[in-house]
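Below is one structure, written out as structure tokens; comments come after it.
The values are calculated or read from the model by the stated rules, or taken from the named source; none is laboratory data. The structure presented is a predicted model; accordingly, all values stated were derived computationally and were not measured. Positions of Cβ are generated from backbone atoms using ideal geometry, with glycine treated the same way; all protein chains shown enter the neighbour counts. Just the protein is used for accessible areas: all its heavy atoms, side chains included, with ligands, DNA and RNA removed. Shrake-Rupley method; radii C 1.70, N 1.55, O 1.52, S 1.80 Å.
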Amino acid sequence: MFEERKDKWLKKAQALKPKLFHETVKPVSPMPDRALCENDSLIIDFGNHCVGYLTLAFSFEGSHPDAPAWLSIKLCENERELSESLEGYRGWISKSWVQLEQMHVDVLPAQITLPRRYAFRYVKIDVLGLSSKYKLIVRDASVDAVTSANDEAVQPLAEEEIDRQIDLTALRTLRSCMQDFFEDGPKRDRRLWMGDLRLQALTNYVTFRNNDLVKRCLYLFAGTVNEEGRIAACLFTEPRIEADDTYMFDYSLFFIPALLNYYEATGDEETKEELTPVALRQLALAEQEFDPLTQLVNDSDRLGWCFVDWALPLNKQLCAQAIWIYCAKAAQKLSFDPEREQLIASRIRAAGTHLYDKDSRLVVSGASRQISWASQVWAVLSGIAEGEEAAACLDAVSEREDAIGMVTPYMMHHYAEALCLIGRKRQALEVIRSYWGAMVKNGADTFWELFNPANPDESPYGSAVVNSYCHAWSCTPAWFLRSGILEDQMKYKGIIFDLEGVICSTDEYHYQAWKALADRLNIPFDRERNNLLRGVSRMASLDIILEKSDRQYNDSEKLALAEEKNALYRTLLSNMTPADVTDDVRNTLETLRKADLKLAIGSSSKNTPFILERIGLNHFFDAVADGNCIMHSKPDPEVFLKAAEMINELPEDCLVIEDAHAGIEAAANGGFDSAAIGDAKDDPRANYHLTALFDLINCIQLQ
Ligand code: RAM
């Protein structure tokens, strides 16, 4: 497949081979005068992570060197590597990745450039053997550092110190990985991986802007598809361009969003047209992995069939299903197909039917119905879980100690992206500050391939010695920090909720109390008549009920009856519990709280404090304005104005949520925007019309 085009594509890729920028990097402090004897060692710090060629200059003191200097040279990406030992290495990938050399210097003085390219900040020289007739002096050291990243294209961030540090570290990471192509790690694996490319490219579009390098990589992948047309998980470019024999479900599919993102960043129609067939071919090939009856992706345990994260016990079924959906949606943007649209819908439904646990509100994966963070994150990113359900997935998993965690910055990227998608940019920023920030605190000057805060020494390879401490997929904070995560994300500063009918439903209790009173007075009253009482004050409601009575009541009798009803109503209210707050309401409130908004109640009910206490929300709101502190009820705006004043915000900066027409009118009268729900949902005076409270989250976000 594509055989006749592959050569042309590889030629295109080769024509885009970048020129590398060179920079000479010197150690942070001058070389010590100290002369070295056998068994002495010296550590040289170059100040920052760099990728390039090391030159060392040696001289000696004492008599003419009568034997070579025998040296061990260890190049380390970070400080912790300096003390890591290879002895008893038990990792499962080759220890040949360790940057450790031995050499003999026969003639002194000498200047030696090591032939290999290294990724490092520190160099440790151990003198393994030296004649006692002379001492060795390391006179000078320098690095010819190389990258294809153009620093001048980057706009620096002038934000909080922590963000600046994270951003610099992320930029340095990407810069080191940008060579002839986007390497995954310049120490290890020094090759082009599809999963990594996708995230590097995203970050590149808003930083170094070397879009031709992305184009080159897309053509490299397209030019090396196998006979079926499948994109390999990774490829080599030396001695000739060749795909590795590793194929992974998710990595092949990620060619699709990578191409789409490239097109969105550059508008390069030609590349889009030429490579879209390759992208669509990945979807077609993925079909083999689906069960046509259930529309679920097979629950495979073939080693490495789908990557997702380095959490080894992770079951990949849900993630694979979600990644297919995510990539198929991207394919729709490259080339829309109505049949594919239906297939996407049916696979979302299949996941909902077979891989969603209604009780826990979590998606599950595989025959063992495993619960993991990765599954929840991908369910959100794919749209398997949407709106309030999506928020519930991310919240519920954090309560589960048995959930399989996330261990790579790659997976954490997707978590932060999922949070942004459901409107929790603030929380996403916190994730970036705490997760990537913890690496900075642990001494990272480039971000690592894997970081498990619970176990900073964890390695996917059985030994930290072979870890990559500068790894492409961890560079995305530089993308997040430039993609609106820091901006004021909400249209409003405060949200004011009506209580009854919005936060909780008390309709039934009102009905039962009026019914009991009407029964005692022998006045006919039923649910139909009860509808007439909606949004009507207590005394006016009583008048409506008394219309059907045979006798007249004077004002003081009426007051007593209203009191009687209220007493009954309050007795009934005391049956309320936190369970009266629906998941929709709870998730919406949590999400708004995490978005850093001020939340208030504006309700005409004098029972407000009592109800809030019963449903367990009395300490939740920043302010409560209720029937006890106002003179005029809705549609007068007094209660909302009071609430806005209590949270110190102007009406135009607040949004009112109401289920009664009188409330929507009150909001308009006070100069507030409003969102209508329930009975008032279609009120034309409202700015937003909500089917569920969670719909609010999308309405109030700045795009
Ligand atoms: C490792 C590398 C690479 C990653 C693959 C799946 O070999 O770390 O970055 O994409 O695994």
Output for Cβ contacts, cut-off 8 Å, separation at least six or different chains, first residue over 14 Å from Ser96 (Cβ atoms) in segment 179-194, second of a type in the set (S, T, N, Q) and near the ligand (Cβ under 8 Å from one of its atoms), reads Asp184/Ser468; Gly185/Ser468
Review point. Just a yes or no: is a residue in segment 664-671 touching a residue at least 40 places away in the same chain (Cβ under 8 Å), within 39 Å of the chain's Cα centre (by Cα), assigned by TED's automatic domain parsing to the domain that holds Arg593 and open to solvent by less than 50 Å² (accessible area, probe 1.4 Å)?
Key: no
Condition check: touching a strand residue (DSSP E or B) at 6+ places or on another chain (Cβ under 7 Å) and under 17 Å from Tyr251 (Cα atoms). Does Gln321 satisfy that?
yes
Those residues of segment 532-552 which are open to solvent by 40 Å² or more (accessible area, probe 1.4 Å) and farther than 21 Å from Ala666 by Cβ amount to Asp543, Glu547, Lys548, Asp550, Arg551, Gln552
Exactly one of Asp184, Asp167 is charged (D, E, K, R), under 28 Å from Ile43 (Cα atoms) and not in a loop (DSSP other than H, G, I, E, B), and that one is Asp167
#### Entry: Leu318 being closer than 30 Å to Ala454 by Cα and loosely packed, with under 15 Cβ neighbours inside 10 Å
no
Worksheet item: Does segment 332-339 include one or more residues that are closer than 21 Å to Phe255 by Cα, touching a helix residue (DSSP H, G or I) at 6+ places or on another chain (Cβ under 6 Å), in contact (Cβ under 8 Å) with a residue 60 or more places away in the chain and not charged (D, E, K, R)?
Response: yes
Scanning segment 21-52 for residues that are assigned to a loop (DSSP other than H, G, I, E, B) and surrounded by fewer than 16 Cβ atoms within 10 Å (Cβ to Cβ) gives Lys26, Val28, Ser29, Pro30, Pro32, Asp33, Arg34, Ala35, Cys37, Glu38, Asn39, Asp40
For segment 296-318, the count of residues that are more than 15 Å from the ligand (Cβ to nearest atom) and hydrophobic (A, V, I, L, M, F, W, C) equals 3
Among the residues of segment 396-416, the number that are part of a helix (DSSP H, G or I) and closer than 24 Å to Pro477 by Cβ is 10
Residue check for Leu293: part of a helix (DSSP H, G or I), in the same structural domain as Leu343 (by TED's automatic domain parsing) and away from the ligand (no atom under 16 Å from the Cβ): no
Check your understanding: Of the residues that make up segment 439-451, is at least one crowded, with 18+ Cβ neighbours inside 10 Å and acidic (Asp, Glu)?
Key -> yes
The residue from Ser382, Ser368, Ser398, Ser375 that alone is farther than 19 Å from Ala428 by Cβ and not aromatic (Phe, Trp, Tyr) is Ser368
Being closer than 18 Å to Tyr53 by Cβ, of a type outside the set (A, V, I, L, M, F, W, C) and more than 16 Å from the ligand (Cβ to nearest atom) narrows Arg164, Arg175 down to just Arg175
Counting only residues in segment 122-161 that are in contact with a Gly (Cβ under 7 Å, 6 or more places away or on another chain) and open to solvent by less than 50 Å² (accessible area, probe 1.4 Å), the one nearest to Lys19 (Cα to Cα) is identified as Val146
Per the filter on segment 327-364, residues assigned to a strand (DSSP E or B) and either at pLDDT below 95 or not aromatic (Phe, Trp, Tyr) (or both) are Asp357, Leu362, Val363
Being of a type in the set (Ser, Thr, Tyr) and at pLDDT 95 or above narrows Ser300, Ser382 down to just Ser382
If we keep only residues of segment 590-601 that are touching an Asp or Glu at 6+ places or on another chain (Cβ under 9 Å) and more than 10 Å from Ile495 (Cα to Cα), then the residue surrounded by the most Cβ atoms within 10 Å (Cβ to Cβ) is Thr591
- Query: Ala385: of a type in the set (Gly, Ala, Ser), open to solvent by less than 30 Å² (accessible area, probe 1.4 Å), outside any helix (DSSP H, G or I) and out of contact with any His (no Cβ under 6 Å at 6 or more places or on another chain), yes or no?
  - Reply: yes
Of those in segment 669-703 that are outside any helix (DSSP H, G or I) and among the acidic types (Asp, Glu), the residue nearest to Gly602 (Cα to Cα) is Asp673
If we keep only residues of segment 619-668 that are in a strand (DSSP E or B) and of a type outside the set (Gly, Ala, Ser), then the residue nearest to Arg538 (Cα to Cα) is Glu658
